[in-house]
Amino acid sequence: MAKIEEIVGRQVAAWGQSLDVAAREGKRPEHWPIITVSREFGARGAALAGRLCERLEFSLWHKELVQAIAEDSDASEDVMASLDERRQKSVEDAVLGALMGSKVTNVQYVRSLMRLVQVIAIHGSAVIVGRGANFICKPDSTLRLRVVSPLDDRVSGYSRLKKISEREARQQVVRTDAERADFVQHHFRSGVDEAWSYDMVLNSSTYSLDDMVEIVLLAYRTKFGRLPKTA
């Protein structure tokens, strides 16, 4: 991964350029609601996120990138500075309200994570993978996906991908699922498998990646009434 500062710098510059172009044309920049992708390990949720970004020309915010920025105070502040003061205050107020009475121990990290996800949502045109983003974003302005698959299918697929035994693969899959569930439970006091926390749950053993892309695009257009022309 490139340096976090470089990645953030490019993204902030892209946001600024979009605003400049709209200003020169005398109109408001078009805002496209974001998509969040929660996934079971090995269910190909990250691959779906990548395909969606290609079709929609959205930016991809994968779990590792989101976590790295949330843990880097300078990068986090740079992202926050991409908003005007009014919107910065709106984000800060929302985060403060969400954390009020919270029992999480690492408050600074959670605060940075929530700020980052909300800034991305304000700019729009993005897909965020993992980190409980669906619990942070406003449900009415986010398409919240969860990608699942039977355990045996995920184990055999991961075993083939990594060229390891199915026993090793099963241990990795089960352990990672548990870590993700613990993260959501600890930070958001919710179960990662609670279906009502999502707009759509997709079984990647039933549908191909291409099928899932088309299903999600239909859901996006149904929920928000429009799709980017690139789709």
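Values in this text are rule-based calculations from the coordinates and carry no lab data. In this text the structure is predicted, and so the values were computed from the model without any measurement. Glycine gets a Cβ as well: all are built from the backbone with ideal geometry, and neighbour counts include every protein chain shown.
Structure shown: which of Lys63/Lys223; Lys27/Lys138; Lys163/Lys223; Lys63/Lys229; Lys162/Lys223 lie over 31 Å apart, alpha-carbon to alpha-carbon? Please list the in-between numbers first.
Values: Lys63/Lys223 25 Å; Lys27/Lys138 25 Å; Lys163/Lys223 41 Å; Lys63/Lys229 27 Å; Lys162/Lys223 38 Å.
Long pairs (Cα-Cα over 31 Å): Lys163/Lys223; Lys162/Lys223.
Could you compute the net charge surrounding Trp32? Neighbours are other residues with a C-beta less than 14 Å from the C-beta of Trp32; K and R count +1, D and E count -1.
On the way: positive: Arg28, Arg55, Arg221, Lys223, Arg226, Lys229; negative: Glu30, Glu57.
Summing Lys/Arg as +1 and Asp/Glu as -1 gives +4.
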### Message
Between region 205-221 and region 118-188, what is the separation of their alpha carbon centroids in Å?
### Response
17
## Note on the structure
Note: Glu179 to Ala68 extended length (0.36 nm per residue) minus current alpha-carbon separation gives 38.2 nm
### Query
Under the Karplus relation 6.51 cos²θ - 1.76 cosθ + 1.60, θ = phi - 60°, what is the ordered set of whole-Hz ³J(HN,Hα) values for region 154-159, x standing for Gly and Pro?
5, 5, 5, x, 5, 4
### Task
Provide the net charge surrounding Thr222, with neighbours chosen by a C-beta distance below 13 Å and charges set as Lys +1, Arg +1, Asp -1, Glu -1.
+1
